There are 2 protein chains.
Amino acid sequence: MTRMITPTQDKRGIVDEIVDFLYAEITSLRLLPGTRISEPDIAERFGVSRQPVRDAFRRLEAMELILVRPKKATEVRKFSALAIEKSRFLRAAVEAAALREAAKKCGKADGFQLDACIAMQHRALAQNDHAGFGVLDYEFHQQICQIGGVPYAFDVIRAEKAKVDRLCVLGLAKERRMPELIADHEAIAAAIKANDPEAAASAGMLHLSRLDETIAAIRINNAAYFEDDRS
Amino acid sequence: MTRMITPTQDKRGIVDEIVDFLYAEITSLRLLPGTRISEPDIAERFGVSRQPVRDAFRRLEAMELILVRPKKATEVRKFSALAIEKSRFLRAAVEAAALREAAKKCGKADGFQLDACIAMQHRALAQNDHAGFGVLDYEFHQQICQIGGVPYAFDVIRAEKAKVDRLCVLGLAKERRMPELIADHEAIAAAIKANDPEAAASAGMLHLSRLDETIAAIRINNAAYFEDDRS
DNA sequence: GGGTCAATTCTTGTATCCAAGTTTGTATCC
DNA sequence: GGATACAAACTTGGATACAAGAATTGACCC
């Protein structure tokens, strides 16, 4: 896991450390939505003053991972139906565009790279290695962006994934989903290697739609972690 | 010009004021790229301490409008070819998706709304009202997102526009471009009203491509405002 | 026992001070 | 005159102190 948060920073400081720590805590769901976190508390844990913690909070707020209101306790953001919808739209738009580009530009070496990644995904499945599969999943989507010549697209995908991924930790029966996801990846890779942009895009959209069912199921079972969006 | 920066904030504070002020200064190009801005200076101007200014700087940094490095003077971000490319890709992806949705869902009332907006754009052209046209241009794209049922898409478009729009201020002969842009809008509206998603998307892509020529021209004439990206 | 009100405690917002590093200006030497 | 070195001023980063508001807890009254 390389630097996930600050892609364009040259010197890592204390605030980066704090951001990375809280980022991991939140996205791994060790800090549940609604959990209150206070600046002095974190500051004491890191042995620093409140100032760097404040800066870190501001960064996490920009990532929409925490909710900070004046004079009120800062808390880990709950899931919001609107935010999920927005995130899904954004990912769909960006991923479709990246897939189309990748399908247009995919050469022989690129195809091999995709195949290699999928082969490793099969290995992870055989070993029931969920964490490893998660990393390979990221890698697969990143490869697509790079093949398409739009590496920055992955920044968006990763950022949006971060907002929703922690939700999926609540989901059960991951092993059930892995074969399905690998099959999706194979269909996507096939379309890209066939230089068929539309097929690649629609395969990607199908892949994304798997999330919808998962999220819908999670939502009814974990209403406490969702904002009560009375609209 | 309503609240442009903080869409999900309930109470406007001092930092919001400072952010809005600097945001306007930077995007309007009254503060040129490379201009150094210091915390104490801004703090004195607003009659507050450095702390709120610090927070404001962090927010503007997250918007990629300023560049703050440790122990070095903070400056207005220069244009970067990579950032422009990323922004363009993001806008294209999101706008294409929004246009497709709008074309799918456009009803009669929606069509009238688009026509009304375009009619006002003609008025602005006749009166040579550039500022008014700019507002209407924003409004047109926002209407598309709302018709498509993806209002949040406009948040992305607006945010990305902010990073590039100031560049276009450097461009000359705006009046030359206005008729062209209005014609584009008419083509887009026609495709949407005809419920033709692909035509709408490609018309939108053509519309976006107008920017490329403008930016390329600006770049060679204003190299000083661009990062020297030796890559 | 339940409800209401007040005080205490906890939260973030702001101001000020000190530290560390960069830049810039100046004086001096060649 | 040009280059170099030193020093002063200016920059942000971090720590600490104080202020204002929100929430919780407790006591007191009904």
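On a 0 to 90° scale, report how tilted helix B:152-169 is relative to the longest principal axis of chain B, with both axes built from alpha carbons and the result rounded to the nearest 10. Taking the Cα atoms of chain B, the angle to B:152-169 is about 70 degrees.
Ignoring any ligand, DNA or RNA, what whole percent of the accessible area of the range A:81-225 comes from carbon and sulfur when the probe is 1.4 angstrom?
Carbon with sulfur: 58 percent of the solvent-accessible area.
Relative to the Cα centre, the charge distribution of the range B:75-149, modelled as +1 at Lys and Arg Cβ and -1 at Asp and Glu Cβ, gives a dipole magnitude of about 260 debye. Rounded to the nearest whole Hz, the Karplus-based 3J(HN,Hα) values (6.51 cos²θ - 1.76 cosθ + 1.60, θ = phi - 60°) of the range A:188-195 follow the sequence 5, 4, 4, 5, 5, 5, 7, 6, with x at glycine and proline. Among B:Gln121, B:Gln143, B:Gln51, the residue with the largest mean-square fluctuation in a Gaussian network model of chain B, with springs joining Cα atoms closer than 10 Å, is B:Gln51.
Given a 1.4 Å probe and the protein chains as shown, B:Ile147 ends up with an accessible area of around 20 Å².
What is the Cα centroid distance between the range B:74-95 and the range B:178-219, reported in whole angstrom? First find each Cα centre; the distance between them is then 19 Å.
In the context of the full set of protein chains, residues of the protein assembly as shown present 50 Å² of accessible surface per residue (probe radius 1.4 Å, heavy atoms only).
For B:Ser38, the solvent-accessible surface computed with a 1.4 Å probe is close to 50 Å², ligands and nucleic acids excluded. Short to long, the 5 Å bins of the Cα pair-distance histogram for the range B:137-231 hold 2, 11, 19, 23, 18, 12, 8, 4, 2, 0 percent of all pairs.
Checked against a 30 Å cut-off, the cross-linked pairs B:Lys108/B:Lys163; A:Lys71/B:Lys86; A:Lys78/A:Lys104; A:Lys161/B:Lys163 give Cα-Cα distances beyond that limit for B:Lys108/B:Lys163; A:Lys71/B:Lys86; A:Lys78/A:Lys104.
When the other protein chains are added to the chain by itself, burial of at least 50 square angstrom of heavy-atom accessible area (probe 1.4 Å, ligands and nucleic acids ignored) affects these residues of the range B:152-166: B:Tyr152. Taken one residue at a time, the phi angles of the range A:200-208 give Karplus couplings (6.51, -1.76, 1.60, θ = phi - 60°) of 5, 5, 6, 5, x, 5, 4, 4, 5 Hz. Gly and Pro are set to x. Dividing the C-alpha radius of gyration of the range A:14-76 by 2.2 N^0.38 Å, with N its residue count, gives 0.99. As a calculated quantity, the FRET efficiency between B:Asn128 and B:Ser49 at R0 = 30 Å, using C-beta atoms, amounts to about 0.10.
Would the range A:83-147 count as rounded, prolate or oblate if I go by the C-alpha gyration tensor, calling it rounded below 1.5 in a/c and otherwise prolate when a/b exceeds b/c, oblate otherwise?
oblate
Cross-link partners of B:Lys72 among lysines, defined as those whose alpha carbon lies under 21 angstrom from its own and excluding same-chain residues fewer than eight positions apart: A:Lys11. What is the pair-distance distribution P(r) of chain B, computed from all Cα-Cα distances in 5 Å bins starting at 0, with each bin given as a whole percent? Final binned percentages: 1, 6, 13, 16, 17, 16, 13, 9, 5, 2, 1, 0.
Per the Debye calculation on the range B:1-134 with a single equal scatterer at every Cα and no solvent contribution, log₁₀ I(q)/I(0) for q = 0.12, 0.17, 0.18, 0.19 Å⁻¹ amounts to -0.70, -1.07, -1.12, -1.16. Less than 5 angstrom separates the built amide H of B:Ile66 from those of B:Glu61, B:Arg77, all sequence-distant by 5 or more or on a different chain.
Computed with every protein chain present, the accessible area of B:Asp110 is close to 40 Å² [probe 1.4 Å].
Normalised by the number of residues in the range A:92-231, the mean separation of alpha-carbon contacts (under 8 Å, six or more apart) gives a relative contact order of 38 percent.
Which percentage, to the nearest 5, of the DSSP beta bridges contained in the protein assembly as shown is antiparallel? So the antiparallel bridges amount to about 80 percent of the total.
Comparing the full protein assembly with the isolated chain, the residues of the range B:26-70 losing at least 10 square angstrom of accessible surface (1.4 Å probe) are B:Gln51, B:Arg54, B:Asp55, B:Arg58, B:Arg59, B:Glu61, B:Ala62, B:Pro70. Please name which of B:Ala199, B:Ala97, B:Phe21 has its Cα lying farthest along the dipole of chain B towards the positive end, using unit charges on Cβ (Lys, Arg +1; Asp, Glu -1) and the Cα centre as origin. Of the options given, the answer is B:Phe21. Over the protein assembly as shown, what per residue volume does the convex hull of the Cα atoms give, in whole Å³? Spelled out: Cα convex hull of the protein assembly as shown, divided by residues, is 163 Å³.
For the range B:14-76, what % of the accessible area comes from carbon and sulfur atoms, probe 1.4 Å? Roughly 52 percent of what the probe reaches on the range B:14-76 is carbon or sulfur. Taking both sides together, what accessible area is buried at the B/A interface, probe 1.4 Å, expressed in Å² and rounded to the nearest 100? That pair of chains buries around 2000 Å² in total.
At a threshold of 10 Å², the residues of the range B:87-116 that become less accessible to a 1.4 Å probe in the full protein assembly than in their chain on its own are B:Phe89, B:Leu90, B:Ala93, B:Val94, B:Ala97, B:Arg100.
The values are calculated or read from the model by the stated rules, or taken from the named source; none is laboratory data. Remember, it's a predicted structure, so these values are computed and weren't measured experimentally. Cβ: placed from backbone, ideal geometry, glycine included. Neighbour counts: every protein chain shown. Just the protein is used for accessible areas: all its heavy atoms, side chains included, with ligands, DNA and RNA removed. Shrake-Rupley method; radii C 1.70, N 1.55, O 1.52, S 1.80 Å.
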